[in-house]
Amino acid sequence: MKPLRVPLRQHREILGEVIGRLLRQPVATLMTVVVLAAALALPAALLLITDNLERLAERFEEPGKLSVFLVHEGINPKALEDRLRGLDGVANVRYVGPEQALEEATSLLGLGEALEGLPDNPLPGSFEVTISPQQRAPARMAAVADTVSAWSAVDQVQYDRRWVERFQAVVGFLRQTGGVSAVLLGAVVVLIIGNTIRLAVLNRRREIEVIKMIGGTDAFVRLPFVYTGLIQGVAGALLAAVLVAGALAVLNISLADLIAHYDTRFRLRGPDGSYFAVLLLVGAGLGWLGSRLAVGRHLRDIEPA
C-alpha cells in the first residue's frame, strides 16, 4: 500500500485542527503557555538588564574615562591631544584648560569666595580621555593609563580602577548568569513541551494506530504534534516578551524619581523588533525540538495490532 503523504494544501487544515484542539482545552493550554513564558522571561530579562546597565553607566561618567593631568609649564595641548588620539582604543579626547577647570571646581564645590583670594590658579590643564567600549577591560585601561603616565608632559593619570573592575565583574556575571539560565531554562521548556506532547500522543494512541494501519507515515502522524509544540513555544515567547515589557514599564515609573536627583534623563530600554524576533525564534525552536523528540520517541512504540 502506498504510504500517505501530506500535501502542502493539507498543512493549513492540520494547523487549523491543532488550533481548535488547543482552544477546546483553554485551561490546560493557558497553564502550559504561562509556564513556558516564565521560563523564557528570566533569561530575556537578564539580557535587557545587562544592556540597560551598560547604558546607565555610560550616562553617569561611564567607567571608560581617564583624567590626564598635565604639568604646569611648557606644554603644547594641541600636540598632546593629537598624541592621545593616536593611542589604540581611544574614542574621544577633551581638553580642559586651567581656567575652565577652576570654573568647574568652583561651581561643583561651591567655593567661589574661598578661591577669589588666590593669587594664581592652582589647577593644571587636563584631558578627559574616553576609551572605546571594546577596550574597557580593566587590564586594557591599566595599560593605557601606564603608557600615558610615562609621558614627560603628564603629571598623573587618574581613574577609578576598582570601580572599573567591579563594574566589569558585575556585567560579566550578569552575562554569564543569563547564558547559564538560558541553557537551563531552555532545557526546561523542551521538557515541558515534550511532556505535553507525550500525553497528547498517549491520549490519541488508538487514532495513531488506525492512521498507521491505512498507510500513514510517521511524518504524517507527527505533523499535528509538531505544530502543537510550535504554537505553544511561540505563544510562550509572546507572553514572555509582554511580561518583560510590562515589568520594565513598572520599573521606569520608580526609576523616574531616582534619575531626577541626578539631573538627567534615562529610561530603561524595552524590547525592540529584533528582540521580539529572536525571542519568537527561540520559542518556536524549543517548541519544535521538544515536540519532535517526544513524538519521535513514542511513535516508535505505537504500531497497529
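Values quoted throughout were computed directly from the atomic coordinates according to the rules given, and no laboratory measurement underlies them. Quantities reported herein were computed from a predicted structural model and do not represent experimental measurements. Cβ atoms come from the backbone with ideal geometry, glycine included; neighbour counts cover every protein chain shown.
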### Task
Treat each spin label as a single point 7 Å out from the Cα along the C-beta direction, and report the Thr147 to Ser254 distance in nm.
4.3
### Task
Return, ordered by residue number, the residues of segment 27-44 whose backbone nitrogen is under 18 Å from a label point located 7 Å along Cα→Cβ of Asp272.
44
### Summary
Expressed in nanometres to one decimal, the distance between label points 7 Å along Cα→Cβ at Asn92 and Ile19 is 5.0
### Task
Figure the gain on full extension for His72 and Leu191 (residue separation times 0.36 nm, minus the Cα-Cα span) and round it to one decimal in nm.
36.0 nm
